[in-house]
């Protein structure tokens, strides 16, 4: 048992002019509630510096207290420097179109920016806006039409970056088709969801009709079976499957014909943007660096993509990356001079105008609320070839 007599005895003290002798050694457990090395009046005199006396007392007590304090300081430091957590929900199964984000995770770029990012893979039945509003994810890989419509319906979302300068959506036709006009009267395999995005724009621009529209089941098989048909598809994905099936399609990219929305946008709740602005700024910049890295050497990101989606092949990934580069989806447009992920007021106004003219959005919606440019300044530029 530790005795206070093990500590050096203090000199005599004075209280109100009375000399007080140093107390004899007393077992420590009898000194409670005084934490110092001595009891009685001396404890009262010395209790202003109890921690100092514990640490200067060369006993097991000192070692115990010192150890506890060290542990506490380490714990506090650990909490203070913990990486900020973010959950990103993607819009489809893991693929090359998500490569920059997987690359930033695989190569430690997010870690460099003190971020702990989790990527949650999406799919055809995933409602990202719902997950975002419910707090299941912090960021959603969104789409401008969807974001503006959510805003109209009272969901306070905001876009903080646009990583695809062009929407990769295309019409894919058999080789005899050369232009958009050539598709008039042809059967078109188009998903029902297009009614609230590109289909009204196509009808208005090229005179297509609803009679041409056939159900689309996310398969190229009906297209391959009907030489007169065309179908929707991502320029980075479906043409590869068609080529595997023996048809090298004519690809008509909607963005190159004036279809204005960004794609692979980063959407969050307005409250998250207000409360975690610094975290989101680091995320946008780290993701842009991830894209620069991925387009140079995609191997680390591809490994994580295949881990999340074991059905993904190296050949499909290589094709997707080649198409990303060919069409400048990530690095073209304003990104070439203003940085990867950049957005502009002018582009958002164009998207708003298309939606209003197509009767997909009420004219009184304040489209400025759907995005912020505070996170897309001084972003990394694409690497030179």
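Odds and ends about this structure:
- Filtering segment 282-305 to residues that are surrounded by fewer than 17 Cβ atoms within 10 Å (Cβ to Cβ) and assigned to a helix (DSSP H, G or I) leaves 296, 299, 303.
- Any chance residue 313 is surrounded by fewer than 17 Cβ atoms within 10 Å (Cβ to Cβ) and over 27 Å from residue 177 (Cα atoms): yes
- Residues within segment 278-306 that are free of Cβ contacts under 8 Å to residues at least 24 places away in the same chain and in contact with a strand residue (DSSP E or B) (Cβ under 9 Å, 6 or more places away or on another chain), tallied: 1
- Helices (runs of 4 or more DSSP H) (entirely within segment 308-385) containing at least 3 residues that are touching a helix residue (DSSP H, G or I) at 6+ places or on another chain (Cβ under 7 Å): 314-326, 345-357
- The set of residues in segment 99-110 being more than 11 Å from the chain's Cα centre (by Cα) and closer than 13 Å to residue 306 by Cα consists of 99, 103, 106.
- Residues being assigned to a strand (DSSP E or B) and closer than 12 Å to residue 344 by Cα - total across segment 157-171: 4
- Among the helices (runs of 4 or more DSSP H) confined to segment 103-156, the ones with at least 1 residues that are free of Cβ contacts under 8 Å to residues at least 24 places away in the same chain are located at 128-133, 144-152.
- Here 256, 275 are screened, and the one residue that is in contact (Cβ under 8 Å) with a residue 12 or more places away in the chain, under 33 Å from the mean Cα position of the chain (by Cα) and surrounded by fewer than 20 Cβ atoms within 10 Å (Cβ to Cβ) is 256.
- Residue match in segment 225-233 (condition: under 19 Å from residue 321 (Cα atoms) and at pLDDT 95 or above): yes
- Strands (runs of 3 or more DSSP E) enclosed by segment 211-262 - at least 2 residues per element that are touching a helix residue (DSSP H, G or I) at 6+ places or on another chain (Cβ under 7 Å) and within 19 Å of residue 184 (Cα to Cα): 230-234
- Test: residue 230 is free of Cβ contacts under 8 Å to residues at least 40 places away in the same chain, surrounded by 15 or more Cβ atoms within 10 Å (Cβ to Cβ) and more than 25 Å from residue 374 (Cα to Cα): no
To keep it simple, each residue is scored yes or no on (1) out of contact with any strand residue (DSSP E or B) (no Cβ under 9 Å at 6 or more places or on another chain); (2) surrounded by fewer than 19 Cβ atoms within 10 Å (Cβ to Cβ); (3) outside the structural domain of residue 197 (by TED's automatic domain parsing); (4) free of Cβ contacts under 8 Å to residues at least 24 places away in the same chain.
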position	(1), (2), (3), (4)
320	no, no, yes, no
326	yes, yes, yes, yes
329	no, no, yes, no
333	yes, no, yes, no
337	yes, yes, yes, no
345	no, yes, yes, no
357	yes, yes, yes, no
384	yes, yes, yes, yes
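The values are calculated or read from the model by the stated rules, or taken from the named source; none is laboratory data. Everything numeric here is computed off the predicted structure, so don't read it as measured data. Counting neighbours? That spans all protein chains shown, and the Cβs are built from the backbone with ideal geometry, glycine included.
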